[in-house]
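This report concerns only the one structure given below.
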Amino acid sequence: MSTVLVIAARDDWPTDRVVKALTDGGAEVFRMDTAEFPQEVTLAGRIDARRGWSGGLTTAHRAVDLADVSAVYYRAPNPFSLPATMSEPENLFAAAQARAGLGGIITALDCRWVSHPAAMSRAEYKPLQLATARTSGLTVPPTLITNSPDAVRAFVGDITGPIV
């Protein structure tokens, strides 16, 4: 059965509304927060030469086969929750492994995405946003990004009108 995987904080009310709209529309939804991994959510992902990612995500109450995920809605999940008994180096290593394992498999799913993490990371860079807007045909205001006072003075001298 086709499933929408929702990855978001449990207390995120906009996501609550999205989940309600999806379920009211008849969609099967599997919701999780990355804070639940690896202690409350189990991952068993498998890929081979014959087929893409399969296996699943399992909680105490539900399970979803990765092959059944037709879309992912990703909105500001919490960091991984690791045992408090871990040392700082252990915590850093385990968080990196969780991100690489769970994050790697989830982002490799061949499905529709709302806010793919890689796209969200790219969108954080204002210079990339401006370049993308310009190549898409949008008007981009003259912009300078610098730490040079001389470059600012030269830029202000070239601009007619107000400066932000």
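The values are calculated or read from the model by the stated rules, or taken from the named source; none is laboratory data. Bear in mind the structure is a predicted one, so any value in this text is a computation, not a measurement. Cβ: placed from backbone, ideal geometry, glycine included. Neighbour counts: every protein chain shown. Only protein heavy atoms, including side chains, enter the accessible area calculation; ligands, DNA and RNA are left aside. Shrake-Rupley method; radii C 1.70, N 1.55, O 1.52, S 1.80 Å.
With 0.36 nm allotted per residue and the present C-alpha distance subtracted, the D48-A9 stretch has 10.9 nm of extension available. Counted without the sites themselves, the longest stretch of the chain free of trypsin sites (Lys or Arg not before Pro) in a DSSP loop having at most 16 other beta carbon atoms within 10 Å is 63-164.
Remark: the chain carries 67 Å² of accessible area per residue (probe radius 1.4 Å; ligands, DNA and RNA excluded).
Translational diffusion coefficient of region 1-92 (Stokes-Einstein, Kirkwood radius from Cα pairs, 20 °C, 1.002 mPa s): 149 µm²/s. Note that the chain shows a convex hull volume over its alpha carbon atoms of 215 Å³ per residue. With a Förster radius of 25 Å applied to the C-beta separation of A76 and L128, the computed FRET efficiency comes to 0.80. Scalar couplings 3J(HN,Hα) for region 152-164, obtained by applying the Karplus form with A = 6.51, B = -1.76, C = 1.60 to θ = phi - 60°, are 5, 4, 5, 4, 4, x, 8, 9, 9, x, x, 10, 10 Hz; x denotes Gly and Pro. A simple spin-label model places the labels of T139 and A60 5.8 nm from each other, with each point 7 Å out along Cα-to-Cβ. Estimated from the Cβ-Cβ distance and a Förster radius of 30 angstrom, the FRET efficiency linking F155 and M120 is about 0.50. A 1.4 Å probe over all protein chains sorts F80, F30 by accessible area into F80, F30, starting with the largest. Treating each Cα of region 70-137 as one equal point scatterer and applying the Debye formula with no solvent, the log10 of I(q)/I(0) at q = 0.17, 0.21 Å⁻¹ comes out as -0.80, -0.97.
Net length available on complete extension from V164 to D110 is 15.2 nm, with 0.36 nm assigned per residue and the Cα-Cα distance removed.
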